[in-house]
Amino acid sequence: MCAPEFYGVNYVINPWMEGNVGRAARDRARSQWEGLRDALSKLADIEFVEPADGLPDMPFVANAGLVYGDVFIPSRFRFPQRQGESEHFEEWFRAHGYAIEALQDSGSFEGEGDALFQPDEALLWCGYGVRTSLQVYKDIAERIGVEIALLRLVDERFYHLDTCFCPLPGGRVMYFPDAFDQDSRALIRERVPKENRIEVPATDALRFACNAVVVGDTLVSNYAGSRLRARLSDCGYAIETCPLDEFMLAGGAAKCLVLNLKHEVFVAPDDALQAGSRVCDRLVEIQGQLLDTGLMNEVLDCVTEGGGSFEVEEFHAGLRHDQESHASVRVVAPSPSKLNTIVGRLLQLGARVPEEEVNALCEIVTKDGVAPRDFYSTTIYPTDVRVEGEWIRARGQRMDVMLVVRDTADGHEVESRLLRDLRKGDRVVCGIHGIRIQDRLPADTDSSFEFMASSVSSERRVELVVENIAWEMRRIREREGKIVIVAGPVVIHTGGGPYLAKLIEMGYVQALLGGNAIAVHDIESDLYGTSLGVDLARGANIHGGHRHHLQAINRVRECGGIAQAVEQGVIRGGVMYECVRNGVPFSLAGSIRDDGPLPETRMDLLAAQDEYAQLIEGADMILMLSTMLHAIGTGNMTPAGVRLICVDISPAVVTKLADRGSVESTGVVTDVGLFLNLLTAKLSE
Ligand code: NAD
C-alpha cells in the first residue's frame, strides 16, 4: 500500500474526477485509508511504498504493475500525469529482490488494475479498451504461461478491470456485466458456470462493490448492498466494508489502493493455452483523403468497435487539399477470427494488407443458392481478386453479392453473382485474402442540404444545389447519357407529377423505377384530378374520392395495361403517359401494400429486382424521389461511379441513401414537389 500523503484530485483522467478537482480532503482520505489498512492487516502482511510529492494518484498502487512469483512487470501508464509513479514503484521492487521484467513493444499497461488472476487457477483475466492496450497481453501471455481471458471494457466509468470485475476463490467471479462488450460477457459466461457468476447491479457497481480486496475467503470493499451481501455469504465469503468515498472522487476504492504481492504460480497446460484468447495482429495500409473526409476516424473506429485496438505505425499527412495521406496501422485483435473480421471491414473501407500478395481463397458451392459460409460479400467499389498470381477486376460490381471465379478460354474471370443465382460447383471467393478494393472515394461530408428544416439562407442553398443538378442533367442529356428516376407516390401527392411528366417530355429521363402506387396515383390524377381522393388543385377531399384510385386501377386493367390505356386514349397525360409516349422504359415493383395491382406491376419480386438491375445498367445519374423502399432497393444494386441524388423530407432517409462514402451522392432534404418544380424551372430556362 502507499499512504495518501500527497493524495488529491489534481487533474481529470477518468469520468469520476470530473468536477472533483481540488475537492478531496486529505485528512479524511488519510483516515479512510487507515481504516482499510487496519482491516487488511488483520488478514495479511502489508508492505508500504513511500509516497512521492507531486504524484497524487500514487496511493492507487494496484496500477503499479503485476507481480507473478518473484517477477514484477511494471506498468506503462497511459496518461503522463501518472507516468512519474513508475520509477518509485520499480525502485521498491528492485530493492525487495524482485526481477523486473519490462514489457516489450509499445502499448500501455496499468498493472493489476487491468490484470487479475483467478485464485488457484492458471488463468489471468485481462481488461483492455480504456487504459490498457490489447497488444501488451501478447507479451504478458508469453512471459507467464497462464491462460489469458481478454475482456473489453466499454464504459469509461469502469476504466480498469478491477473496478467492475473481481475473481473469487472457488472458481467464482463477481462482476458488473454492462461494463463489458457482448463478446466479453459471452466469454465470462463460457468460462464460468452460471452458479459461479455473481452479477452485480449498477447500484453496487457504482459504489465500487467489485473493487474488493480478496484475502482468503474475506472480501474488503467500500460497499456491498444487502442482496449482494446475502449472495456472497451464501457462497461462504465474509464481507467487510470500509468507507472510501474520499478516494472515489478520483475513481478508486479498496482494490485500487492495494497491490497483491503474492500469487501462487500456476502454469497452464498447453491445451488450455491454446484454448485461451490469443492476441494477434496485422499491418494494414490505407491511403487517400484520410483527414479531410474523416476516413481515418472511420478506420480507427472500425478497429475499436470490432473489439480490437490499433497502433498507427506510420502516418504521412497530405498537407494540401490535393495531396493524399498515407497510414500504416497495426491492428491488434483478441483472436484470429476477430482479426479477420476487423481486417475484412477495413478492406471494405479501402485498406490493404501489404504483405499479402496471396491468391484469393475460393470454395466450391455445394448447394444451389447457398454460398460457402466464409463468403466475401462485395461493396459498391471496383474490386480486384487475385487468381493464380494475377489481379482480376470483378465484373458487374454491386453491393452485397458474391464473387465467382470462372475459367474461360482466355484465362480467368471474376463475376458478381447474387446469392440466389449461385450454382453447385461455382467457385466463390471466401475470406479476406487476395481481395483489393479500388478507388474508394472519400465521403463528402457536405453532401446533404436541408431545405424545409432551416432558414432562408439555406433555401438559397437548395436553389444552388438544384442549379448544379440541372447543370449535370443537361450535360448528361447532351452526351446522350442515361438518367434514371426512382419515384414514390408522394411525387404525385405533393403536386410534383406535372413537373416529372415535363422532365420525361424534355428527354431528361431514360428509365423510371417505382412501385404500384406512383403509377396508380399518377393515373388517378389524370383521370379524376385527385390523388388518393384528394383534389390536387384545391387540396381538399372529394366526396366519394376514396374510390378513385381503385377505379383508376380498374380502368387500366380493363384496357389490358398502361400502354394500352394510353393508346386507347383513356390516359391522356401525366407521368406514365409521357413514359409510354416517349418510349421511356419503366419498371413497377410490387409490394405487400399494393392495391390492384396494375397489370404492369411485377409481384414476382425476383423478376422485379432483375428488371430494376437491367434498367439501371449504364446509368450516369439516378434521381431518387421520396420513396424509401425503392430508393434503398435501387441504391443496393448501384455500383460506385453512378451519380446519386436523393430527395426526401426525412433527413434520416437522405442520410441513409446519400451516405455511400462517396462524393457522387447528394442528399436534398426538402419537399419533393417543390424540388421538382424548381428543377423543371431551371431546366426550362
Ligand atoms: P416509403 O415509406 O418507402 O417512402 C416514402 C418516402 O417519402 C419517405 O421516405 C418519406 O420521408 C418521404 N416523403 C413524405 N412526404 C414527402 C414530401 N412531401 N417530400 C419529400 N419526401 C416525402 O413509401 P412508398 O415508396 O411511398 O411506398 C412503399 C410501397 O408501397 C411502394 O411499393 C408503393 O408502390 C406501395 N404503395 C402502394 C399503394 C397502393 O397500391 N395503393 C399505396 C401506397 C404505397
Counted residues in the stretch 459-510 being among the aliphatic types (A, V, I, L, M), farther than 20 Å from residue 589 by Cα, at pLDDT 95 or above and within 15 Å of the ligand (Cβ to nearest atom) come to 0
Taking helices (runs of 4 or more DSSP H) that fall entirely within the stretch 1-107, which contain at least 1 residues that are at pLDDT below 95? 26-41
What number of residues in the stretch 408-432 are touching a strand residue (DSSP E or B) at 6+ places or on another chain (Cβ under 8 Å), more than 29 Å from residue 643 (Cβ to Cβ) and either modelled with pLDDT under 85 or assigned to a strand (DSSP E or B) (or both)? 5
Picking from 556, 520, 566, the residue that is in contact with a Phe, Trp or Tyr (Cβ under 8 Å, 6 or more places away or on another chain) and more than 30 Å from residue 471 (Cβ to Cβ) would be 566
Quick one: residue 352 ticks every box in (1) modelled with pLDDT of 90 or more; (2) open to solvent by 50 Å² or more (accessible area, probe 1.4 Å) except a single one, so which number is it? (1)
Output for the stretch 521-542, where each listed residue is in contact with an Asp or Glu (Cβ under 7 Å, 6 or more places away or on another chain) and open to solvent by 10 Å² or more (accessible area, probe 1.4 Å): 529, 542
Residue count, the stretch 554-578 (criterion: among the aliphatic types (A, V, I, L, M) and either assigned to a loop (DSSP other than H, G, I, E, B) or in contact with a Leu (Cβ under 9 Å, 6 or more places away or on another chain) (or both)): 6
With the condition kept exactly as written, say whether any residue in the stretch 321-331 is assigned to a helix (DSSP H, G or I), closer than 16 Å to residue 350 by Cβ and in contact with a helix residue (DSSP H, G or I) (Cβ under 7 Å, 6 or more places away or on another chain). no
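Could you tell me whether any residue of the stretch 412-421 is among the polar types (S, T, N, Q), touching a Gly at 6+ places or on another chain (Cβ under 6 Å) and open to solvent by less than 60 Å² (accessible area, probe 1.4 Å)?
yes
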Those residues of the stretch 582-603 that are within 14 Å of the ligand (Cβ to nearest atom) and either charged (D, E, K, R) or without any contact (Cβ under 8 Å) to a residue 40 or more places away in the chain (or both) come to a total of 7
Find all pairs meeting these conditions: Cβ atoms under 6 angstrom apart; at least six residues apart or on different chains; first residue within the stretch 78-107 and open to solvent by 90 Å² or more (accessible area, probe 1.4 Å); second residue assigned to a helix (DSSP H, G or I). 104/139
Filter the stretch 529-544 down to the residues that are outside any loop (DSSP other than H, G, I, E, B) and within 15 Å of residue 489 (Cβ to Cβ) and list them by number. 530, 531, 534
Please state which of the following conditions residue 514 fails to meet, knowing it meets all the rest: (1) within 12 Å of the ligand (Cβ to nearest atom); (2) more than 23 Å from residue 485 (Cβ to Cβ); (3) outside any helix (DSSP H, G or I). (2)
Filtered residues of the stretch 118-138 (kept if buried (at least 21 other Cβ atoms within 10 Å of the Cβ) and either among the charged types (D, E, K, R) or part of a helix (DSSP H, G or I) (or both)): 131, 136, 137
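Only strands (runs of 3 or more DSSP E) wholly contained in the stretch 615-685 count here; list those with 3 or more residues that are open to solvent by less than 30 Å² (accessible area, probe 1.4 Å), within 13 Å of the ligand (Cβ to nearest atom) and without any contact (Cβ under 8 Å) to a residue 40 or more places away in the chain. If you could, list the steps in order and put the result at the bottom.
Details: elements: 621-625, 643-648, 665-669.
In the stretch 615-685, the matching strands (runs of 3 or more DSSP E) lie at 643-648.
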Can residue 553 be described as modelled with pLDDT of 95 or more, within 12 Å of the ligand (Cβ to nearest atom) and either open to solvent by less than 30 Å² (accessible area, probe 1.4 Å) or farther than 22 Å from residue 483 by Cβ (or both)? yes
Among the numbered criteria (1) part of a helix (DSSP H, G or I); (2) touching a residue at least 40 places away in the same chain (Cβ under 8 Å); (3) surrounded by fewer than 21 Cβ atoms within 10 Å (Cβ to Cβ), which single criterion is violated by residue 141? (3)
Could you figure out which of (1) under 17 Å from residue 629 (Cα atoms); (2) out of contact with any His (no Cβ under 8 Å at 6 or more places or on another chain); (3) not charged (D, E, K, R) isn't true of residue 561? (1)
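The values are calculated or read from the model by the stated rules, or taken from the named source; none is laboratory data. Small disclaimer: the values here were computed from a predicted structure and weren't measured. As a convention, Cβ positions derive from the backbone with ideal geometry for all residues, glycine included, and neighbour counts pool all protein chains shown. Accessible surface areas use protein heavy atoms only, side chains included; no ligands, DNA or RNA. Shrake-Rupley method; radii C 1.70, N 1.55, O 1.52, S 1.80 Å.
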